[in-house]
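Read-outs throughout are calculated quantities, based only on the coordinates presented, and are distinct from any laboratory measurement. All values reported here derive from a predicted model rather than from experimental measurement. Cβ coordinates were reconstructed from backbone atoms using ideal geometry, including for glycine residues, and neighbour counts include every protein chain displayed.
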Amino acid sequence: MRLFVAAELPEAVLDALVETQAALRDAVRGRYVAPDSLHLTLAFLGEVPAARVDEVASALELVCAGQAPFEVHLGTLGSFGRRRSAVLWQSVEGGSALSSLAASVRRELENATFSFDEKPFLAHVTLMRAADLTHGELPMPQMARGVLDTVTLFKSDLTGPRPIYEPLHTVTLGER
Ligand code: 2AM
């Protein structure tokens with residue numbers, strides 16, 4: 001199954017992301033990510049045998065016990081890919097706590113002999129895919145802050161009309 005590890009975002013941050021999407025609707029054509037699918041990917045594993053899901057879950061338990069919850073806030077809009085068909089995202093700022101969480105998740109997956117997409121971590125939440133950025137100006141994104149305290153292993157199902165992300169295992173960050 002296709003797996004990835006993501007942080008679920010605090011309510012206030014999710015609300016702001018949905019407001020940013022609403023502001024974008026007037027300015028940019030493309031496919032919007034459904035509100036219940038907005039997330040911050042920490043590591044993308046790709047295809048993993050179903051029998052190894054428990055091992056990924058154990059690796060996450062280990063990492064999350066060692067890191068306290070921390071504050072994140074939203075940042076700027078950015079894009080990947082071609083201007084006519086881009087991935088449009090909003091950045092997430094979480095200082096060294098966020099980069100160290102992503103690094104620990106990746107290190108622990110590596111220790112458990114999993115491979116993952118090794119592109120450097122760039123903390124972002126995808127808002128739109130196939131976005132046409134060739135017309136008009138982007139609006140100012142909404143800002144919000146909140147405490148990030150959960151990490152989830154998701155299964156990604158791409159067989160339907162839109163991706164379905166099913167949570168398989170959620171871990172709460174521990175107090176040190
Ligand atoms: P994206 O939003 O920038 O596309 C599920 O596909 C999640 O894993 C998405 O958040 C996606 O990031 C992320 N991801 C990271 N590397 C990926 C890859 N090589 N292929 C697909 N998704 C990837």
- request: Calculate the length of the line joining the C-alpha centroid of the range 63-114 to that of the range 1-57, in whole Å.
  value: 11
field: Longest site-free stretch - the chain; sites: GluC sites (Glu not before Pro), DSSP loop, at most 13 other Cβ within 10 Å
entry: 1-117
- line: Residues meeting the amide H criterion for residue 43 (H placed from the backbone, H to H distance under 5 Å, 5 or more places apart or on another chain) are 5
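On a full-extension model of 0.36 nm per residue, what is the gain between residue 130 and residue 36, subtracting their alpha-carbon distance, rounded to one decimal in nm?
Details: separation 94, 0.36 × 94 = 33.84 nm, distance 1.89 nm.
Using 0.36 nm per residue and subtracting the Cα-Cα distance, I get 31.9 nm.
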query: Lys/Arg Cβ at +1, Asp/Glu Cβ at -1, dipole of the range 67-119 taken about the Cα centre: which of 96, 74, 114 is farthest positive-ward?
result: 74
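Defining a contact as two alpha carbons under 8 Å apart and six or more residues distant in sequence, what relative contact order in percent does the range 2-172 show? Each step should come with its number before you reach the end.
Numbers: 334 pairs, mean separation 64.5, N = 171.
Averaging sequence separation for qualifying contacts and normalising by length gives 38 percent for the range 2-172.
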query: Counting other Cβ atoms within 10 Å of each Cβ, which trypsin sites (Lys or Arg not before Pro) in the range 60-155 have at most 16 and sit in a DSSP loop?
result: 83, 84
message: Could you check the spin-label model distance between residue 62 and residue 18? Points 7 Å from the Cα along Cα→Cβ, value in nm.
response: 3.7
- prompt: Is it possible to state the helix-based mean residue ellipticity at 222 nm for the chain, with each DSSP H run of 4+ residues giving -39500 (n - 2.57), the sum divided by total residues, to the nearest 500 deg cm²/dmol? What is it?
  reply: -8500 deg cm²/dmol
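Checking the a/c ratio against 1.5 first, then a/b against b/c, what shape does the Cα gyration tensor give for the range 2-172? Present the calculation step by step, with values, prior to reporting the outcome.
Details: a/c = 2.05, a/b = 1.50, b/c = 1.36.
Taking the square roots of the gyration eigenvalues as a ≥ b ≥ c, the range 2-172 is prolate.
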- prompt: Among 65, 13, 39, whose Cα sits farthest toward the positive end of the charge dipole of the range 1-80 (+1 at Cβ of Lys/Arg, -1 at Cβ of Asp/Glu, about the Cα centre)?
  reply: 39
statement: Here the range 86-95 yields Karplus 3J(HN,Hα) values (6.51, -1.76, 1.60; θ = phi - 60°; whole Hz; Gly and Pro given as x) of 9, 9, 10, 9, 10, 6, 10, 9, x, x
message: To the nearest 20 Debye, how big is the dipole of the range 2-172 about its Cα centre, given +1 on the beta carbon of each Lys and Arg and -1 on that of each Asp and Glu?
response: 740
